[in-house]
C-alpha cells in the first residue's frame, strides 16, 4: 500500500511541477468560468450582462400614444437597462443601428395615436375600424439580437396595453350601439368619452403563483453550474495527461526500471491510477475552492461536494485508463484525450444545456462523467444534500469500476505491465 | 519560392502525421457547429417549447386559457395529470408546468380571486419564455373579462339593468364581442432587421449563422495559435538549429511556415463555410470576395499571433496548452460563443485588442447585415494590422535554439 501511495504522490508532484500542464488544468477553466460569469451577468448582479442598451426613438407621432411610449423608455423602471436618445431623422437613426451605435431604432410614425383613438371630428364608422393600421417600426441591430429583442418586447408590451384599452372601449361602444343606447348624433362624443374615462384598475384577474417551495425558491447561482462544467471539461485533459505518463515512462525506460524493483505490476498500476486520481481531485478541488473564494459561489452541503468530486474524478480516471490501455504512444493518448475532452464537454453539458436536447441525446450523455457530475452539482446548487446525490455518485462509481476493469484486461493482453 | 513550397509541404506532413488531426481539423468543428446550431433533430416537427398543463378546473375559463396557449407561437401545451406533471418536473424532464386548479372559473376571474400555479425549472431560458407565453395567454383571457366588465359599467352609467339576469346576459354578450375584437386585432409593430446591403434582399436574423461564424473562428484560430507548438517542436528536436547550416533565411522560414498554416486554415474555413451553406442552409453573405478578405485577414492575424507566441514558449507541451487556452478564452471574449452585447461595456471595449473580436465583427457584417467589401474593410485592415504587429514581434524575437 505504501508503494502505491508513494508512486501516486510522485506523479501528483510531477504534475504540479509541470507549468504548461498547470496552465491548462487550472488557468484555462478558471478564465473561461470568469468569462461565463461576465456573460451571464453574474458579476453585475443581473440576469445577463446587458445594461444601458442604446435605443434611438424617432417620435413622428408627437401625440398622446407616441409621447407615452417615449415616456416608457425613459421611465425609472427601465433606467439602467435602456439608454434612450431621441432623434427626428429616421435615416440617421437607421444608419446608427447599421453602424452598431445602437441596438435598435423605434420609429413611431405620424398619425399613430389617431389610428387608435379617433380624433375630434373623425367619423366613428366602419371605414375608421377597417382602416390600415399605422405601424411602429423597430429597426433592429442583427449583431445585438438580445438587446433588440428586449426593445421589441417593451414596444410589444406597450402596444398590448393599448390594445387592451382599445378592445375594452370598442366592446362598450358596440354593446351600447347594439342595444340602441348610442345614436348617430351622440356616438362621436360618447366614443371619445369612453376612451378617455376608461379605468386602469380592472378587477378581472388571474394571479400566477410561482413554485415558491420548489426550485424557484432557491437562489440559483449560474456559476455553480458553469464552474464545475469547466472543471469537469478540463478534468478529462488531466486524466488523459496522467494516462500519458504511463506510456511516457515506458518509452523513457523508467517503467521497466520500476518493474524490476521489488514492486508488483499491480502496485505500479495502482500507484499510477492513484496519481491520476489525486491530481484530478486536486484540480477540481482547487477550482471549486477558487470559485468559492474569488467569485463567492456557495456550493451547498460540503459533504456532498466532497463525495461528488471524488466520484466524478473516479469516473473520469476510468476513462483516462481506458484511453491509455487502447493507445500505443503518449502522443496518441494526448490526441485522443483532447478529442474526448471536447466531445464529452459538448455531449456532457459543459457547453450546452442538456435540457434543450432531445431525450436520445440526453441518454448518450450518460456515458460522460460531465453529465453525471453536472447533474450532482445542479442538485447541490438547488439546495440538495448528500442523499440527493446518490444516483450520480453511484453512476460515476460504476463507470469508474467498469472502465478500470476493461483497462486492466487490455493492459494484461498487451503485456505492458509484465515483468 | 521553391524553399517556401518545401517548408509548406514539410509542415503539412508533420501536422497530418497522425489520423487524429483529421478529428480536430474537420470532424470536431463540424460536430460542434452542428450541435451548437441546434442541428440535432428532436423527432418533433413542432419547434415550440413543451408546456405541461394540468387542467383540474375543467371549466370554460380554464379551457379558454388552454386554447390561447395552443395559439401561442412560443409554447406547445400538453395536458397531463398532476402526478405525471410533478414526476416529470422532479426528474427535470419537464421545464415548465402550468396547473389550472379547481375553482378557476368565470366567477373567480370576475371577482379577481382566480389563481393558477406555474412550476418552472430555475435558470432555464425555455422556462422563462414559457412563463411569458403563459402570462400573455392569461392576459388575453382576463382582458376580455375586463372589457366585458367595462361594457357593463358603461351601460349602467346610462341605464340600469332591470334584473341580475339581464345584467349577466349583457355581460356574456360583451364578453363574446371582446373576444371577436381580440381575434381581429391588427399588427401594430413591425420589426425590421438592420442591413447595410444595398440590394433589396435584406438578410433575416438567424442565430445559427452567428454560431456557425463563432465556431469557425474558434476551430481555425486554435490550430493557428498552435504554430507556436510547431516552432517549439522543431527547436526541441534541434531541426530548427540545423536550418542555420542551410541557405534559408529567417524570413523565408517564417514565411513558409505561416503560409502553409494559413493555406491549411483557408481550406478548413472553406470546408466549414461549405458545410454551413450546403447542409445547414445558412447564408454566408452575398459577396464571396468580402468573405475571402475576412477569412484571409483573420487567418493571417491568428497565424502571426501563433508565431509571436512561439518565440515565448519553451516546450511543445507549453505551446499546445497555451494555444488551446488562448484560443478558447479569445473566442469566448471575442463574442464567438455568446454575442458581445451580453458582456459589460468595459469588457466590450477592452476586447477590441483581440483579433477574434474583429474577425467575428467582420463575419457578422457579412452573414447578418449582408455587407460587402466596403463594409468589412475596417475589420480587414485592423486584422492585417494585428498580423503585421505580431509578425514583427515574431521575427524580432525569433531564435533557433
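Among DSSP beta bridges lying fully in chain A, give the percent that are antiparallel, nearest 5. Walk me through the numbers before you get to the answer.
Details: 4 of 15 bridges.
Among the beta bridges of chain A, antiparallel pairing accounts for roughly 25 percent.
Along Cα→Cβ, 7 Å out, is where each label goes; now give me the distance between the ones at residue B:237 and residue B:277 in nm to one decimal.
About 3.7 nm, to one decimal.
Using bins 10 angstrom wide from zero, how does P(r) for segment A:256-377 break down, in % of all Cα pairs?
Each 10 Å bin holds this share of Cα pairs: 12, 34, 34, 16, 5, 0.
Can you sort B:3, A:2 by how many other beta carbons sit within 10 Å, fewest first?
Values: B:3 15, A:2 7.
Ascending number of Cβ neighbours within 10 Å: A:2, B:3.
Multiply the residue gap between residue B:6 and residue B:159 by 0.36 nm, knock off their C-alpha separation, and tell me the result in nm, one decimal place. It would help to have the intermediate numbers written out before the result.
Working: separation 153, 0.36 × 153 = 55.08 nm, distance 9.87 nm.
Going from the current span to full extension adds 45.2 nm.
Only bridges with both residues in the protein assembly as shown count here: give the DSSP antiparallel percent, nearest 5. Please list the in-between numbers first.
Values: 8 of 38 bridges.
Once the DSSP bridges in the protein assembly as shown are tallied, antiparallel ones form about 20 percent.
Compute the acute angle (0 to 90°) between the alpha-carbon long axis of helix B:60-70 and the principal axis of greatest extent of the alpha-carbon atoms of chain B; round to the nearest 10°.
Relative to chain B, helix B:60-70 is tipped by roughly 20 degrees.
Would you list the P(r) distribution for segment B:42-102, with all Cα-Cα distances sorted into 5 Å bins from 0 and each bin expressed as a whole %?
Per 5 Å bin, starting at zero, the Cα-Cα P(r) for segment B:42-102 comes out as 4, 19, 27, 23, 18, 7, 1 percent.
Bin width 5 Å, origin at 0, all Cα-Cα pairs of segment B:100-179: what percent of pairs per bin?
3, 13, 19, 19, 15, 11, 8, 5, 3, 2, 1
Which value does Rg/Rh take for chain B over its C-alpha atoms, Rh per Kirkwood?
On the way: Rg = 30.5 Å, Rh = 25.7 Å.
Rounded to two decimals, Rg/Rh equals 1.19.
How large is Rg over Rh for segment A:272-316, taking Rg from the Cα atoms and Rh as the Kirkwood inverse mean of 1/r across Cα pairs? Intermediate values should be presented prior to the final figure.
On the way: Rg = 11.1 Å, Rh = 11.0 Å.
Rounded to two decimals, Rg/Rh equals 1.01.
Project the alpha carbons of segment A:70-120 onto their principal axes and report the range along each, largest first, in whole Å.
41, 29, 13
Roughly how many nanometres apart are two label points built 7 Å out from the Cα toward the Cβ at residue A:101 and residue A:331?
5.5
Under the rule of -39500 (n - 2.57) per DSSP H run of 4 or more residues, summed and divided by the residues of chain A, what mean residue ellipticity at 222 nm is obtained, to the nearest 500 deg cm²/dmol?
On the way: 16 runs with 255 residues, N = 419.
For chain A, the value works out to -20000 deg cm²/dmol.
Would you mind estimating how fast chain A diffuses translationally, via Stokes-Einstein at 20 °C and 1.002 mPa s with the Kirkwood radius over Cα pairs, in µm²/s?
On the way: Rh = 26.5 Å.
Result for D is 81 µm²/s.
Just rank B:322, B:342, A:232, B:373, fewest to most, by other beta-carbon atoms within 10 angstrom.
B:373, B:342, B:322, A:232
Based only on other Cβ atoms within 10 Å, what is the fewest-to-most ordering of A:328, A:19, A:94?
Ranked by crowding around the Cβ, least crowded first: A:328, A:19, A:94.
In whole Å, what are the extents of segment A:14-119 along the principal axes defined by its C-alpha atoms, from largest to smallest?
83, 28, 18
How shielded is B:318-330 by partner chains, expressed as the average number of their Cβ atoms within 10 Å of its Cβ atoms?
5
With runs of 4+ DSSP H residues as the only contributors, calculate the mean residue ellipticity of chain B at 222 nm using -39,500 (n - 2.57) per run, divided by the residue total and rounded to the nearest 500.
Values: 16 runs with 250 residues, N = 401.
About -20500 deg cm²/dmol.
How far is it, in nm, from the label point at residue A:209 to the one at residue B:71 when both lie 7 Å from their Cα along the line to the Cβ?
2.8
Among A:303-312, B:145-154, what's the highest-first ranking by average C-beta atoms within 10 angstrom per residue?
In descending order of packing, they fall as B:145-154, A:303-312.
Would you kindly calculate the mean projected area, averaged across all directions, of the convex hull enclosing the Cα atoms of the protein assembly as shown, in square nanometres? Please report the intermediate quantities before stating the final value.
Working: hull surface 157.1 nm².
Averaged projected hull area, Cα only: 39.3 nm².
Of all the C-alpha pairs in segment B:78-228, what % are more than 22 Å from each other? Walk me through the intermediate numbers first.
Numbers: 7622 of 11325 pairs.
When every Cα pair of segment B:78-228 is considered, 67 percent fall beyond 22 Å.
Which FRET efficiency value, to the nearest 0.05, is calculated for residue B:185 and residue A:363 with the Förster distance at 60 angstrom and r the Cβ-Cβ distance? Write down the numbers at each step before the final one.
Numbers: r = 44 Å, r/R0 = 0.73.
Calculated transfer efficiency: 0.85.
From other protein chains only, count the Cβ atoms within 10 Å of every residue's Cβ in B:111-120, then give the mean. Display every interim value, and only then the final one.
On the way: counts 3, 6, 3, 4, 5, 4, 6, 5, 6, 5.
For this peptide, the per-residue mean of nearby foreign Cβ atoms is 5.
Can you give the mean number of other chain Cβ atoms that lie within 10 Å of the Cβ atoms in peptide B:364-377?
So the per-residue partner count for this stretch is 2.
Mean shadow of segment A:334-398, computed from the convex hull of its alpha carbons, in nm²?
Numbers: hull surface 19.6 nm².
Over every viewing direction, the Cα hull of segment A:334-398 projects on average to 4.9 nm².
Just so you know, all these numbers are worked out from the coordinates, no wet-lab data involved. All of these numbers come straight from a predicted model, not from anything done at the bench. Positions of Cβ are backbone-derived with ideal geometry, glycine not excepted, and every protein chain shown enters the neighbour counts.
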